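Novice: What follows is a single structure, and I will ask about it in a moment.
Every number in this text was worked out from the coordinates using simple rules, so none of it is lab data. These numbers come from a predicted model, not from an experiment. Ideal geometry is used to build each Cβ from the backbone, glycine not excepted, and the neighbour counts take in all protein chains shown.
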Amino acid sequence: MPLTDQDRTDITDLLNLHGHHADAGDLDRMCELFTPDVTYDVADFGLAVLHGTTALKEAALALGDANPVGHHVTNIVITQIDDHTVRVRSKGIAIMTGGTAGSCVYDDIVTRRPDGWKISHRKITARRAPLGERGPREVLDR
């Protein structure tokens, strides 16, 4: 069965709520967004692959002031895998306390559960170079 417009709205709202909860410090509300056994892969940032919403909360508290003050999500693309699972790719922009910003890609698996759509797997990849891994010279040479 294809995704409905309501499914797409609910999934988009789910991704958007992450930034609101994280930035407000509402870490106990992450269970509204993630499955209890979520895999949260932040290895690209030199951190561990986290398992479960309790681990998410503990990691955020351990980072303390190193957490972004603003999490912003954009460019949300939803691809249906089956009736209960979608892949969602989106772009993230983080604003840090000193005013610097960073960009990342969120790769999510979102699962339909009795209590609604929840993120069951998230991998965050930092964007460190323009044009993917190629530099501008390589692109021009092609």
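Novice: May I ask for the net charge around Val77, where only other residues with Cβ less than 13 Å from the Cβ of Val77 are counted and Lys, Arg are +1 while Asp, Glu are -1?
Specialist: Working: positive: Arg8, Arg87, Arg89, Lys91; negative: Asp107, Asp108.
Charge balance in the 13 Å sphere: +2.
Novice: Gain in length, Asp5 to Asp107, computed as 0.36 nm per residue apart minus the alpha-carbon separation, to one decimal in nm? Each step should come with its number before you reach the end.
Specialist: Working: separation 102, 0.36 × 102 = 36.72 nm, distance 2.11 nm.
Extra length from Asp5 to Asp107 when fully extended: 34.6 nm.
Novice: Could you pull out which residues in segment 88-103 have an amide N less than 18 Å from a spot 7 Å beyond the Cα of Ala126, following the Cα-Cβ vector?
Specialist: Residues 91-103 qualify, since their backbone N sits under 18 Å from the label point.
Novice: How high is the relative contact order of the chain, in percent, counting Cα pairs under 8 Å that sit 6 or more residues apart? Walk me through the numbers before you get to the answer.
Specialist: Numbers: 235 pairs, mean separation 31.5, N = 142.
RCO, the chain: 22 percent.
Novice: Here's a follow-up. If I model a spin label at Asn75 and Asp23 as a point 7 Å from the Cα along the Cα→Cβ vector, what separation in nanometres do I get?
Specialist: 1.9
Novice: Using just the helices of the chain, give the 222 nm mean residue ellipticity in deg cm²/dmol: DSSP H runs with n ≥ 4 each add -39,500 (n - 2.57), and the total is spread over all residues, rounded to 500.
Specialist: On the way: 3 runs with 37 residues, N = 142.
Rounded to the nearest 500, the figure is -8000 deg cm²/dmol.
Novice: May I pose another question? Hey, of [x] 33; [y] 29; [z] 37, which did the structure itself give for percent of Cα pairs over 24 Å apart when calculated?
Specialist: Correct label, based on the coordinates given: [x].
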